[in-house]
1. In segment 101-138, which residues are at pLDDT below 80 and surrounded by 10 or more Cβ atoms within 10 Å (Cβ to Cβ)?
2. May I ask you to verify whether residue 54 is loosely packed, with under 10 Cβ neighbours inside 10 Å, modelled with pLDDT of 85 or more and either in the same structural domain as residue 104 (by TED's automatic domain parsing) or more than 30 Å from residue 105 (Cα to Cα) (or both)?
3. Could you check, for segment 19-26, whether at least one of its residues is at pLDDT below 85, surrounded by 13 or more Cβ atoms within 10 Å (Cβ to Cβ), outside the structural domain of residue 119 (by TED's automatic domain parsing) and under 21 Å from the mean Cα position of the chain (by Cα)?
4. Would you say residue 42 is at pLDDT 85 or above and either in contact with a helix residue (DSSP H, G or I) (Cβ under 9 Å, 6 or more places away or on another chain) or in a helix (DSSP H, G or I) (or both)?
């Protein structure tokens, strides 16, 4: 966030996060039903407020391009970790996340040998192997 955005209210920051995600993943989300769970009931009020600033009008215009529904969810229920997940599991997930880098549209991983490698989808494995083996000098010697 830029310095001006750091001064936004919590509700506006949450709306900014939604707008940023929709803008970033627009090509994947257009035409899909999107449900956003939020613990800010004020978020829905903000979107229906009649007298708003230009910035909020721009955000609302972007939201209108999508089939989006904003639902209230209590903060306790609105967690990325299931309630039965242990503290150790949460720490391991946070620890593992530091090795991954998202550089749109690819996910990269830093390995122990300090080499960064691109993560590939399961659906891409076969074509990557075929390409590597069919290329000049590809395949295995013996």
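1. 138
2. Against the criterion (loosely packed, with under 10 Cβ neighbours inside 10 Å, modelled with pLDDT of 85 or more and either in the same structural domain as residue 104 (by TED's automatic domain parsing) or more than 30 Å from residue 105 (Cα to Cα) (or both)), residue 54 qualifies.
3. No, because not a single residue in segment 19-26 is at pLDDT below 85, surrounded by 13 or more Cβ atoms within 10 Å (Cβ to Cβ), outside the structural domain of residue 119 (by TED's automatic domain parsing) and under 21 Å from the mean Cα position of the chain (by Cα).
4. So residue 42 does not fit the description; no.
The values are calculated or read from the model by the stated rules, or taken from the named source; none is laboratory data. Nothing here was measured: the structure is a model prediction, and the numbers come from that model. Every residue, glycine among them, receives a Cβ derived from its backbone with ideal geometry; neighbour counts consider all protein chains shown.
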